[in-house]
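Student: Sharing a structure below in structure tokens format, with a few things to ask.
The values are calculated or read from the model by the stated rules, or taken from the named source; none is laboratory data. The shown structure was predicted, so the numbers you read here are calculated from the model rather than taken from an experiment. Every residue, glycine among them, receives a Cβ derived from its backbone with ideal geometry; neighbour counts consider all protein chains shown. For accessibility, only protein heavy atoms count, side chains too; no ligands or nucleic acids. Shrake-Rupley method; radii C 1.70, N 1.55, O 1.52, S 1.80 Å.
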Amino acid sequence: MNKLNFKYLFPNLFLFCICMNLTACSEKNSSGDNLQSGDEIIPFEPDLNTLIRNPASGWTLYDDANDYVAQANTYWNQQGAAAEKYASIFYWRSRWSELEPEEGKYAWEHDENFKALIQGALDRGLKLAFRVYIDGQDNIHNGTPDFVREAGAKGYAVHKLWDPANENNNWTPYADDPVFQEKFGNFIRAFAKEFDNPEQVDFIDAYNLGWWGEGHHVQYLNNNNKFKVYQWITDLYAENFKNVLLVVNFGTEIGFEYEKRLAIDKHDFLTRRDGIGSYWFQDAEVNIINSLFPQKAFIAEGCYWGGNSDSYQPWNTDPLYADKFKSWSDFYAQAYKDAIRGHANTLDLREATETRGWITHAKDLVKDFISNGGYRLTPIQIEYPVSVQMGNTLSIKHIWRNSGVGVCPNNNKRWNYKYKVSFALLDPESHEIKQRITDENAEPSAWIKGTDKTYKTSESLIVPAGQYILAVAITDDTQNQKPGLNLAVKNGKFINDWLQIGTIQILSLIHISEPTRRS
């Protein structure tokens, strides 16, 4: 006689009915998507106040060595608190002669103070940025190492800082001199070998000729070589820095048409301006920046520096603001306004004197730029089913917001869309990733303040039955898909930098046992 084994049949029938009921009872949510009953809709509130450090975004501390490079211990004793509370980037701007005082002898290998300055920034969680200039104008000594002149490069004299006779005593090479170009090319190749590392470096200024590296008063053996020189030096940086963002001052004497053609368009350089909060950053400059936004992020720098007391007023010859600025507070307010209307990713706290000025006279603006400057990314809503049958498709709807005026430059050729929105199913005990789901259509460089972006992604499940933690992160393809950008989520719970969304149950397949036979 054949007989069913009811011991196994009833429990499986019961589970089968439950699963059939979950599958059959689907409904439309408010967005019109077909979602299973019991779907979770998880909102997240953007964190608008906490310092959220992300690449190429936020306040920048400087060592701006037109005189002497800062002593590392003194510098970090003065700037350490600001680094902890406000800043994201440490920007080293100084002479080529500091980094290669002797041919082939580099500061990052032999200069203990330089190494300590850099390590001090990294130890405090700051990323690095650099400008290396060759002109000695207003500097304590030559911008270009002596071995270049000794090798036969031709040059001219520029003003030396603190020269009592006010004479031109600093030697600078002509920008089209072939010996200079050969030696500088060797330096850039070595420099890139050391610092073309986006895990440590946010951006490199990639022009830097002329006074203060801003592209003014460049001299040539033959003035007809001006455009060739611009192409040579921007090509040089582009050929050697493959991974770190490159930026270029716009509005130099070369002209924006050529800057755009030879650097911004050709090599995907970002833009910077060393003059916001002044006559040198008016509506025309803002219009240039905004014509490139959001395709290009903007690196901003305030014009006036060197003090913080109202007895020192470097703007008193400014054609636009000399009569309008009565104090440093007025300058800080205009610099902040310009940064916001220019969609700035970064702004300078600068050196210790300027940092004290900002914090003393404009602390609210310092906090406001943390909240509004750069980019701040939040998944403001995620919808997902609380249970899915093993082997079926998991569908997730997600909405993203950028609360900052800037943009994540993920579309830049040197980042090459490396940041991706990823979801993970985590083991609830070990927190090991059991399955990762990446939405290739969710693009962080498209997220602009005032316009939320909505996506839906689906993928077949390959994990076994059980309960999992569902989490989300913006991962980095170049770092084994680990979380790469920090999310701005108020009171969010993070597991190994993954933002926990909730739990999800993966249901086992239903198998009814074969009947038990007996003779």
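Student: Taking the condition within 21 Å of Gln71 (Cβ to Cβ), in a strand (DSSP E or B) and in contact with a Phe, Trp or Tyr (Cβ under 8 Å, 6 or more places away or on another chain), does Ala121 pass?
Tutor: Details: within 21 Å of Gln71 (Cβ to Cβ): yes; in a strand (DSSP E or B): no; in contact with a Phe, Trp or Tyr (Cβ under 8 Å, 6 or more places away or on another chain): yes.
No, not satisfied.
Student: Another question, if that's okay. Do we have Ala362 as crowded, with 18+ Cβ neighbours inside 10 Å, over 29 Å from Leu246 (Cβ atoms) and of a type in the set (Gly, Ala, Ser) here?
Tutor: Yes; evaluated as a whole, the condition is true for this residue.
Student: Taking Lys260 as the residue in question, decide whether it is under 30 Å from Tyr174 (Cα atoms), in a helix (DSSP H, G or I), open to solvent by 20 Å² or more (accessible area, probe 1.4 Å) and not acidic (Asp, Glu).
Tutor: In short, yes.
Student: Also, quick follow-up: Identify the single condition in (1) within 27 Å of Asn345 (Cβ to Cβ); (2) part of a strand (DSSP E or B) that Trp415 does not satisfy, given that it satisfies every other one.
Tutor: Among (1) within 27 Å of Asn345 (Cβ to Cβ); (2) part of a strand (DSSP E or B), Trp415 violates only (2).
Student: Would you mind finding the one in Asn139, Asn169 that is touching a Lys or Arg at 6+ places or on another chain (Cβ under 8 Å), over 18 Å from Ile188 (Cβ atoms), polar (S, T, N, Q) and open to solvent by less than 30 Å² (accessible area, probe 1.4 Å)?
Tutor: Within the list Asn139, Asn169, the selection yields Asn139.
Student: While we're here: Open to solvent by 30 Å² or more (accessible area, probe 1.4 Å) and within 24 Å of Glu98 (Cβ to Cβ), is that true of Glu253?
Tutor: no
Student: Identify, from the list Tyr384, Tyr304, Tyr336, the residue that is within 30 Å of Glu459 (Cβ to Cβ) and either of a type outside the set (D, E, K, R) or touching a His at 6+ places or on another chain (Cβ under 9 Å) (or both).
Tutor: Numbers: Tyr304 fails: within 30 Å of Glu459 (Cβ to Cβ); Tyr336 fails: within 30 Å of Glu459 (Cβ to Cβ).
Just a single option satisfies the conditions, and that option is Tyr384.
Student: Sticking with this structure for a sec: I'd like to verify a number: residues in the stretch 407-434 that are out of contact with any helix residue (DSSP H, G or I) (no Cβ under 7 Å at 6 or more places or on another chain), open to solvent by 10 Å² or more (accessible area, probe 1.4 Å) and of a type in the set (S, T, N, Q), how many?
Tutor: Adding up the residues that qualify gives 2.
Student: Among Ile289, Ile264, which is the only one that is without any contact (Cβ under 8 Å) to a residue 40 or more places away in the chain and under 26 Å from the mean Cα position of the chain (by Cα)?
Tutor: Sole residue among the options that is without any contact (Cβ under 8 Å) to a residue 40 or more places away in the chain and under 26 Å from the mean Cα position of the chain (by Cα): Ile264.
Student: Still on this structure: Please specify each residue of the stretch 325-338 satisfying the condition of being assigned to a loop (DSSP other than H, G, I, E, B) and out of contact with any helix residue (DSSP H, G or I) (no Cβ under 8 Å at 6 or more places or on another chain).
Tutor: Lys326
Student: Also, quick follow-up: Check Thr74, Thr50 and return the single one that is modelled with pLDDT of 95 or more, assigned to a helix (DSSP H, G or I) and either β-branched (Val, Ile, Thr) or under 23 Å from Ile370 (Cα atoms) (or both).
Tutor: So the residue among Thr74, Thr50 that is modelled with pLDDT of 95 or more, assigned to a helix (DSSP H, G or I) and either β-branched (Val, Ile, Thr) or under 23 Å from Ile370 (Cα atoms) (or both) is Thr74.
Student: So, in the stretch 270-324, how many residues would count as being within 20 Å of Trp447 (Cα to Cα) and in a loop (DSSP other than H, G, I, E, B)?
Tutor: 5
Student: Could you tell me how many of the residues in the stretch 79-115 are outside any loop (DSSP other than H, G, I, E, B), under 26 Å from the mean Cα position of the chain (by Cα) and crowded, with 16+ Cβ neighbours inside 10 Å?
Tutor: 16
Student: Can you tell me which residues in the stretch 339-371 are outside any helix (DSSP H, G or I) and of a type outside the set (A, V, I, L, M)?
Tutor: Hits for the stretch 339-371 are Gly342, His343, Asn345, Thr346, Asp348, Arg350, Glu351.
Student: Against the condition open to solvent by 50 Å² or more (accessible area, probe 1.4 Å) and more than 26 Å from Glu103 (Cβ to Cβ), how does Lys242 come out, does it pass?
Tutor: Criteria not met by Lys242.
Student: Right, something else. Can you name the residue in the stretch 212-225 that is of a type in the set (A, V, I, L, M, F, W, C) and over 27 Å from the mean Cα position of the chain (by Cα) and, of all such residues, is nearest to Tyr174 (Cα to Cα)?
Tutor: Of everything passing the filter in the stretch 212-225, Leu221 is nearest to Tyr174 (Cα to Cα).
Student: Let me ask something additional. When you go through (1) open to solvent by 50 Å² or more (accessible area, probe 1.4 Å); (2) assigned to a loop (DSSP other than H, G, I, E, B) one by one for Trp232, which number turns out not to apply?
Tutor: Exception for Trp232: condition (2).
Student: Moving to a separate point now. Could you check Trp211 against (1) in contact with a Leu (Cβ under 9 Å, 6 or more places away or on another chain); (2) open to solvent by 30 Å² or more (accessible area, probe 1.4 Å); (3) farther than 18 Å from Glu100 by Cβ and say which number it fails?
Tutor: Looking at each condition in turn, Trp211 falls short on (1).
Student: So is Ala471 farther than 25 Å from Phe369 by Cβ and in contact (Cβ under 8 Å) with a residue 24 or more places away in the chain or not?
Tutor: So Ala471 fits the description; yes.
Student: Given the criterion surrounded by fewer than 21 Cβ atoms within 10 Å (Cβ to Cβ), in a loop (DSSP other than H, G, I, E, B) and in contact (Cβ under 8 Å) with a residue 24 or more places away in the chain, identify the matching residue among Gly374, Gly391, Gly404.
Tutor: None of the others qualify; the one that does is Gly391.
Student: Would you check which residues across the stretch 433-451 are assigned to a loop (DSSP other than H, G, I, E, B) and in contact with a Leu (Cβ under 7 Å, 6 or more places away or on another chain) and list them?
Tutor: Hit for the stretch 433-451 is Trp447, nothing else.
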